[in-house]
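First the structure, in the form of structure tokens, and then the observations on it.
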Amino acid sequence: MTASHWIDSATHEFAEFSRKLGSGVTRLAEVKDIDIGPTPKHALYHEDKLTLFHYEWNAQKPRIPLLIVYALVNRPYMADLQTDRSLIRGLLAAGIDVYLIDWGYPDQDDRRIGLGEYVNGYIDRCVDVVRSRHQTDSVNVLGICQGGTLSLCYAALFAGKIKNLITMVTPVDFHTEDNVLSRWLRYIDVDLLVDSLGNVPGELLNWIFLSLKPYRLTSQKYVRMVDILDDAEKLMNFLRMEKWIFDSPDQAGEAFRQFAKDFFQDNKLISGDVSIAGRNVDLRNIKIPLFNIYATQDHLVPPAASTALRAVVGSDDYDELAFEGGHIGIYVSGRAQRQIPKAIASWLAQRDTA
């Protein structure tokens, strides 16, 4: 390509980019509301900032109950982002009766809440609500990301209350070589951070997550956004994702302190040295069936950080599923919609009756 041709091509490309950007600004200004969480649900239980939701479904046949324990650091509607990108709708369609813990938005009144209250308190009381509703001694639990780690702790301490446990993109070994987030947190003075701020701002944590892949997760995606501004459906898909990314709850200070120090910095879960409210968390006490789902391209929870679970639990019934995608793709990609809910429902159906 000659210099003049290159200049002409670059000029045309820049002009087209400017046209798309100009018309896109108008379209963005017309967006009034970004709808998320379309699947109907109702609140069963409230406590402090927490709400336990039950998702509605019209089918009359018996269904297998499943309680979802989501991470503290993000909002759970990623599991029900929109009608065609919804793990929850997929589970409902596959015959699962879905319950979900929404942690809400902690404020300064919650700064002294520790992991003991989250695991021994909030999760345990939500489990009891589902147990009572279904008149059963034990329930099925799906723990997602950090919620999976908390679910493992709960299962180790309350073995009789969980029948089957599914973990998804869940960190277990926090010191694998490719765990960039863990390496970053190891050098933070967590005590100084929490003592200074009380709660840890969600906005601060959000920018830490984005900094792990700064070009891809900031500059690149907004340049690419210009190409979809003319497509209303794709634009709303993009905006729903952006809403979730930047909708980051603050973290209760004491819970953050213990999780950052005991899990990220000292890797005590894998060694069996975590203590929650004075009780030792030994993963070898987990003898119930386990289904561990991880993402092969996960930059937040590398596969090795999750598959380490296999060697440290006491269960003889342990299965894994490697999903070809990333930490977010496992919820919203087309492949995930086809694969993950059916895999979970099939695994549960072999081990539980409705």
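The values are calculated or read from the model by the stated rules, or taken from the named source; none is laboratory data. Since we're looking at a predicted model, the values are computed, not measured. Positions of Cβ are generated from backbone atoms using ideal geometry, with glycine treated the same way; all protein chains shown enter the neighbour counts.
Assess whether residue 288 counts as being surrounded by 17 or more Cβ atoms within 10 Å (Cβ to Cβ) and outside any loop (DSSP other than H, G, I, E, B). Give the derivation first.
Details: surrounded by 17 or more Cβ atoms within 10 Å (Cβ to Cβ): yes; outside any loop (DSSP other than H, G, I, E, B): no.
Criteria not met by residue 288.
Could you tell me which of the residues 34, 88, 7 is under 30 Å from residue 200 (Cα atoms) and either assigned to a loop (DSSP other than H, G, I, E, B) or at pLDDT below 95 (or both)?
Values: 88 fails: either assigned to a loop (DSSP other than H, G, I, E, B) or at pLDDT below 95 (or both); 7 fails: under 30 Å from residue 200 (Cα atoms).
Exactly one of 34, 88, 7 is under 30 Å from residue 200 (Cα atoms) and either assigned to a loop (DSSP other than H, G, I, E, B) or at pLDDT below 95 (or both), namely 34.
Would you be able to say whether some residue in the range 107-127 is under 16 Å from residue 46 (Cβ atoms), part of a helix (DSSP H, G or I) and among the small types (Gly, Ala, Ser)?
Yes.
Yes or no, residue by residue, for (1) under 21 Å from the mean Cα position of the chain (by Cα); (2) without any contact (Cβ under 8 Å) to a residue 40 or more places away in the chain:
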| residue | (1), (2) |
| --- | --- |
| 131 | no, yes |
| 152 | yes, no |
| 155 | yes, no |
| 159 | no, no |
| 162 | yes, no |
| 175 | yes, no |
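Scan the range 37-77 residue by residue and report those that are aromatic (Phe, Trp, Tyr) and assigned to a strand (DSSP E or B).
45, 53, 55
Checking residue 311 against (1) touching a residue at least 40 places away in the same chain (Cβ under 8 Å); (2) over 20 Å from residue 87 (Cβ atoms); (3) surrounded by fewer than 16 Cβ atoms within 10 Å (Cβ to Cβ): exactly one of these is not met. Which one?
Evaluating residue 311 over (1) touching a residue at least 40 places away in the same chain (Cβ under 8 Å); (2) over 20 Å from residue 87 (Cβ atoms); (3) surrounded by fewer than 16 Cβ atoms within 10 Å (Cβ to Cβ) leaves (1) as the failure.
Would you check which residues across the range 320-354 are among the charged types (D, E, K, R) and in contact (Cβ under 8 Å) with a residue 60 or more places away in the chain and list them? Break it down stepwise before answering.
Of all residues in the range 320-354, those among the charged types (D, E, K, R) come to 320, 324, 335, 338, 342, 351-352.
Result: 342, 351, 352.
Please verify whether residue 286 is under 30 Å from residue 350 (Cα atoms) and at pLDDT 75 or above, treating the condition exactly as stated. Walk me through how you get there before you give the answer.
Working: under 30 Å from residue 350 (Cα atoms): yes; at pLDDT 75 or above: yes.
So residue 286 passes the test.
Go over the candidates 173, 178 one by one and state the one that is under 18 Å from residue 300 (Cα atoms), among the charged types (D, E, K, R) and buried (at least 19 other Cβ atoms within 10 Å of the Cβ).
Working: 178 fails: buried (at least 19 other Cβ atoms within 10 Å of the Cβ).
Answer to the check: 173.
Inspect the range 173-181 for any residue being over 21 Å from residue 276 (Cα atoms) and outside any loop (DSSP other than H, G, I, E, B) and give the result as yes or no.
yes
Against the condition surrounded by 14 or more Cβ atoms within 10 Å (Cβ to Cβ), among the charged types (D, E, K, R) and not in a helix (DSSP H, G or I), how does residue 319 come out, does it pass?
Numbers: surrounded by 14 or more Cβ atoms within 10 Å (Cβ to Cβ): yes; among the charged types (D, E, K, R): yes; not in a helix (DSSP H, G or I): yes.
Judged against the criteria, residue 319 is a match.
Are there any helices (runs of 4 or more DSSP H) wholly within the range 213-276 with 3 or more residues that are modelled with pLDDT under 95 and either exposed (fewer than 14 other Cβ atoms within 10 Å of the Cβ) or touching a helix residue (DSSP H, G or I) at 6+ places or on another chain (Cβ under 9 Å) (or both), and if so which?
On the way: elements: 221-225, 232-246, 253-258, 268-271.
Once the helices (runs of 4 or more DSSP H) in the range 213-276 are filtered for at least 3 residues that are modelled with pLDDT under 95 and either exposed (fewer than 14 other Cβ atoms within 10 Å of the Cβ) or touching a helix residue (DSSP H, G or I) at 6+ places or on another chain (Cβ under 9 Å) (or both), what remains is 221-225, 232-246.
Of all residues being touching a Gly at 6+ places or on another chain (Cβ under 8 Å) and β-branched (Val, Ile, Thr) in the range 295-332, which is farthest from residue 172 (Cα to Cα)? Just the residue, please.
Ranking the candidates gives 296 first.
Mind counting the residues in the range 103-115 that are of a type outside the set (Phe, Trp, Tyr) and surrounded by 19 or more Cβ atoms within 10 Å (Cβ to Cβ)?
6
With respect to residue 293, determine if the residue is in contact with a Phe, Trp or Tyr (Cβ under 7 Å, 6 or more places away or on another chain), under 30 Å from residue 351 (Cβ atoms) and in contact (Cβ under 8 Å) with a residue 12 or more places away in the chain. Give the steps one after another, and end with the answer.
Working: in contact with a Phe, Trp or Tyr (Cβ under 7 Å, 6 or more places away or on another chain): yes; under 30 Å from residue 351 (Cβ atoms): yes; in contact (Cβ under 8 Å) with a residue 12 or more places away in the chain: yes.
It is true that residue 293 is in contact with a Phe, Trp or Tyr (Cβ under 7 Å, 6 or more places away or on another chain), under 30 Å from residue 351 (Cβ atoms) and in contact (Cβ under 8 Å) with a residue 12 or more places away in the chain.
Restricting attention to the range 328-342, does a residue exist that is buried (at least 18 other Cβ atoms within 10 Å of the Cβ), within 18 Å of residue 263 (Cβ to Cβ) and at pLDDT 95 or above?
no
Here is a yes/no grid of residues against (1) within 26 Å of residue 207 (Cα to Cα); (2) not charged (D, E, K, R):
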residue: 265; (1), (2): yes, yes
residue: 274; (1), (2): no, yes
residue: 277; (1), (2): no, yes
residue: 287; (1), (2): no, no
residue: 312; (1), (2): no, yes
residue: 319; (1), (2): no, no
